[in-house]
Amino acid sequence: MKRTLTLAALLLMATAGFSQQVASRAKAMRMMSFSRPEYLIKDIKVYTDTMTIYSLAGYIIYPFGEWSSVEQYITDNQLSWYRDIGYKKYYDSMEVSVNRMRRYDDSYIDMYYSIWTKKVELLGGYITDKEVQLVNGLHVGMTKDEVFNVFFKKYPKSYTADVTVLKVVSGAGEVAEIYTFRGQKLRHIKIETAYKYY
């Protein structure tokens, strides 16, 4: 009897987990139908409090814009940055000259000039300063609805009610933008990269 109850409990848990996965996938597929065409969204995954969007748009790789030099970015965005220059080691023996651009609140962006792309490439960043804006207008302090409205034309509000983390990932997974919400406000933006070359 005890064994039968244990087996029944395990079966019930497996069924509940499977139905939750089906519900999450259905929600993701419905959200895709509302996506804005300019972001070329190819897939969406929803897992507990995190929604992950996979996009083929160039914006994801260059969220601060495309620049031919770090100096051009500093001049054109008209914000005061503290600039640290140093070398970082990447993958075996490669060393890259990295510019860390910092704001007063210790928000930062790590950039370097690529000899292959002839552009400034992003290595990472952590933004809590409301003054720092991404190319598409996103910045810390926006409401959750304002952030989702950038990527979606419309959507059921219940689909994003439990989302506290929105990840936007480039098609090959080199760059991820991570938007973290506290309540209904965007608290910070983190940028992670996994470049294997420079």
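The values are calculated or read from the model by the stated rules, or taken from the named source; none is laboratory data. The model shown is predicted, which means the values in this text are computed figures rather than measured ones. When the accessible area is computed, the model is the full protein with side chains, heavy atoms only, and any ligands, DNA or RNA have been set aside. Shrake-Rupley method; radii C 1.70, N 1.55, O 1.52, S 1.80 Å.
Students often forget the sequence filter, so: which aspartates and glutamates lie under 14 Å Cα-Cα from LYS153 once same-chain residues fewer than 8 apart are removed? Leaving aside aspartates and glutamates fewer than 8 places away in the same chain, those within reach of LYS153 are GLU38, ASP145. Phi angles of segment 131-137 translate, via the Karplus equation with coefficients 6.51, -1.76, 1.60 and θ = phi - 60°, into HN-Hα couplings of 6, 7, 10, 7, 4, 7, x Hz per residue; Gly and Pro are given as x.
With bins 10 Å wide beginning at 0, the percent of Cα pairs of segment 38-83 falling in each bin runs 22, 33, 23, 21, 1. Against the empirical curve 2.2 N^0.38 Å, the C-alpha radius of gyration of segment 105-182 lands at a ratio of 1.26.
Accessible surface ranking for PHE34, PHE148, 1.4 angstrom probe, highest first: PHE34, PHE148.
Put the Cα centre of segment 48-112 next to the Cα centre of segment 122-175 and the gap is 17 Å.
Based on every Cα atom in segment 23-169, Rg and the maximum pairwise Cα distance Dmax equal 17.3, 49 Å.
Around the amide H of GLY124, modelled in the peptide plane, lie the amide H atoms of ASP110, all under 5 Å away and 5 or more residues distant in sequence or on another chain. On segment 103-195, 51 percent of the accessible area sits on carbon and sulfur atoms, based on a 1.4 Å probe. Students often get this wrong, so check it: of LYS157/LYS185; LYS42/LYS154; LYS45/LYS130; LYS27/LYS157; LYS45/LYS144; LYS45/LYS157, which have C-alpha atoms separated by over 20 Å? Those over the limit are LYS45/LYS130.
Annotation: per residue accessible area for segment 21-138 equals 56 Å², rounded to a whole number [probe 1.4 Å, protein chains only].
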